[in-house]
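S.K.: Take a look at this one; I'll ask things after.
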Amino acid sequence: MHENEGDKMNIFDNFLSSVCIFKNRDVLRHSYTPENLPHREEQIKQLVELLSPLLKGGTPSNIFIYGKTGTGKTATVKLVMKNLEEVSKKVDARVVVQYLNCEIIDTAYRVLATIARKLGRNVPMTGWPTDQVYEEVKSTVESKGAKMVIVLDEIDKLVKRAEEALYSLTRINADLSNARICLIGISNNLKFKNFLDARVLSSLSEEELVFPPYNAEQLEDILRQRTKIAFNDGVLEDGVIQLCSAIAAQEHGDARKALDLLRVSAEIAEREGDNKVRIKHVRKAVKKIETDYMLETVRTLPLQTKILLYSMTLLAENMEKFTTGEVYCVYKRLCSKISVEALTQRRVSDLLSELDSLGIINSIVISKGRYGRTREMKIDSDVEALKKALEEDYRLQELKKYEEETRKILKLGIFET
């Protein structure tokens, strides 16, 4: 007797019949902008006051906004921009808002071309001289008589790669008679201003807004607001919101961290088939987020640092702690196997310090008396996961061939000098 088509199990059936914790998980993502932002009323009010001249034919100052990651800078600016565009249509003020993430749009050409395209000009994303694209922006905004707000999020990335775009935009108003452009720069890093050209700095920093970190109580309010939309009723165990808030408050009051923690905790609970998000799920989420962050960092490391870290994963399989000398011997051996020129021990020591500051390894400098000092280190992270992330780099896959040979040498304690 054949099984009825309708009775066949679909591989997603278990998922469909499992407990549903989320009502809308996107509410807990960074990209979501809520209708109101708790504990940012003061910053919203300041921003509205600074931009209000646009609605009455005036020219607002350029604005520079800074504060640590997860302090609500981008969300606040996007909320104010949305309201500004809406009200400008009502009063026929023709305000055009262009939001640019300088992590992605990171060259002078791409910045100017994106602005020109927003104004309706068919400028290619490559191929023209940058000066020509600037002229296109200037003539179009002037002919339209537009008032434009250009938001440059992560502006420090632009400063490193395309300061001429900033200089062009800060001086553009001097060349306009009919139109006005207002710049809003957003940064997590105040120190980047030290690298700015003095002419750009004076123009860009006409008005400054500081976003302070959230405290644990404020983070609780933010999570409670999102929880109402994100989850079904009664799925959070008592203390989950408080714990997520307390952990994020320790890390400079980062709302993103708090939201990520809550979302990942709920995802873990869902995968485990639990009908509630519990304290134990938050604890697991902390470990998962830390591991994910560490692996993402590892994937972006330069080749030499990856070989060095790979050497340490082999050592970690044989001993809990190891010294700079031991790491250097294995590193040098692996470099020779894949025809990469090994760095000096002094340079390797610098790379080890960088890995320590990134939290990938844990090291202390110990004194050996008259034999000087050495660094003793260990890998705190999941060694297996670390190794897999390193092996994603095709250049390191070759090293797998020499793993067994290296392990034997390590077990025998034979180190080349």
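Quick note: the coordinates plus some simple rules give every number you see, no bench work behind them. What you see is a predicted model; the values in this text were computed from it and never measured. Because the Cβ atoms are built from the backbone with ideal geometry, glycine has one as well, and the counts that use them run over all protein chains shown.
S.K.: Quick one: work out the % antiparallel among DSSP beta bridges in the chain, nearest 5.
M.R.: 30
S.K.: Take the chain, connect every pair of alpha-carbon atoms lying under 10 Å apart with a spring to form a Gaussian network, then pick out the residue of Ser203, Ser187, Ser311 with the largest mean-square fluctuation.
M.R.: Evaluated over the chain, the most mobile residue of the options is Ser311.
S.K.: In the chain, once you exclude exposed trypsin sites (Lys or Arg not before Pro) (DSSP loop, at most 11 other Cβ within 10 angstrom), what's the longest stretch remaining?
M.R.: The segment 9-367 is the longest one with no such site.
S.K.: Once you put a point 7 Å from the Cα of Arg94 and another 7 Å from the Cα of Asn24, both along the Cβ direction, what distance in nm separates them?
M.R.: It works out to 3.5 nm between the two label points.
S.K.: While we're here: Residues in the range 322-357 near a label at Lys408, defined as backbone nitrogen under 20 Å from the 7 Å Cα→Cβ point?
M.R.: 329-338
S.K.: Collect residues whose amide H, placed 1.01 Å from N in the peptide plane, falls under 5 Å from the amide H of Ile65; neighbours closer than 5 in sequence don't count.
M.R.: Under 5 Å from the amide H of Ile65: Gly185, Ile186, Ser187, Leu209.
S.K.: Right, here's the next one. If you stretched the chain out fully between Ser143 and Glu354, how much longer would it get, using 0.36 nm times the residue separation minus the C-alpha to C-alpha distance?
M.R.: Gain on stretching Ser143 to Glu354: 70.8 nm.
S.K.: A further question on this structure: Which longest run of the chain has no exposed loop site in it, a site being GluC sites (Glu not before Pro) in a DSSP loop with at most 10 other beta carbons within 10 Å, and the site itself not part of the run?
M.R.: 36-319
S.K.: Given the pairs Lys68/Lys288; Lys23/Lys73; Lys68/Lys147; Lys378/Lys401; Lys257/Lys387, which span a C-alpha to C-alpha distance of over 28 angstrom in this model?
M.R.: Exceeds cut-off: Lys68/Lys147.
S.K.: Tell me the mean residue ellipticity at 222 nm calculated for the chain from its helices only (DSSP H runs of n ≥ 4, each -39500 (n - 2.57), averaged over every residue, nearest 500).
M.R.: After summing the helix terms and dividing by the residues of the chain, the value is -15500 deg cm²/dmol.
S.K.: Evaluate the relative contact order of the chain (contact order divided by residue number), counting alpha-carbon pairs under 8 angstrom at least 6 apart; express in whole percent.
M.R.: Relative contact order, the chain: 16 percent.
S.K.: Once you place label points 7 Å from the Cα toward the Cβ at Asp131 and Glu391, how far apart are they in nm?
M.R.: 5.5
S.K.: State the Cα centre-to-centre distance between the range 382-405 and the range 22-55 in whole Å.
M.R.: Taking the Cα centre of the range 22-55 as reference, the centre of the range 382-405 is 44 Å away.
S.K.: Please express the shape of the chain as an equivalent ellipsoid: the semi-axes are the square roots of 5 times the eigenvalues of the C-alpha gyration tensor, given largest first in whole angstrom.
M.R.: 46, 33, 22
S.K.: Would you please give the residues with an amide H less than 5 Å from that of Tyr99, counting only those at least 5 places away or on a separate chain, with H modeled from the backbone geometry?
M.R.: Val151
S.K.: A further question follows. Enumerate the amide H contacts of Asp380 below 5 Å, restricted to partners 5 or more residues apart or on another chain; note that Pro and chain-start residues carry no placed amide H.
M.R.: Asn362
S.K.: Return Val159, Val340, Val365, Val137 ranked ascending by Cβ neighbour count within 10 Å, so the fewest neighbours appear first.
M.R.: Least to most surrounded, the residues fall as Val365, Val340, Val159, Val137.
S.K.: Something else: Length gain on complete extension for the stretch Arg347 to Glu35, per 0.36 nm per residue less the alpha carbon to alpha carbon distance?
M.R.: 107.2 nm
S.K.: Distance in nm between label sites at Glu317 and Asn362, each 7 Å beyond Cα in the beta-carbon direction?
M.R.: 2.3
S.K.: If you build a Gaussian network model of the chain, linking Cα atoms that sit under 10 Å apart, which residue out of Leu262, Leu209, Leu303 swings the most?
M.R.: Leu303
S.K.: Apply the Karplus curve 6.51 cos²θ - 1.76 cosθ + 1.60, θ = phi - 60°, to the phi angles in the range 177-193 and return the couplings in whole Hz, x for Gly and Pro.
M.R.: Karplus-based 3J(HN,Hα) across the range 177-193 equals 10, 8, 10, 9, 10, 10, 9, 10, x, 10, 8, 8, 10, 6, 5, 4, 4 Hz.
S.K.: A further question on this structure: List the aspartates and glutamates whose Cα sits under 12 Å from the Cα of Lys332, skipping any in the same chain fewer than 8 residues away.
M.R.: Glu341, Glu416
S.K.: Compute the distance from the alpha-carbon center of the range 259-297 to that of the range 108-134, in whole Å.
M.R.: Centre-to-centre (Cα) distance: 43 Å.
S.K.: Cut-off 10 angstrom, C-alpha nodes, Gaussian network model of the chain. Which of Tyr331, Tyr32, Tyr402 fluctuates the most?
M.R.: The residue with the greatest mean-square fluctuation here is Tyr402.
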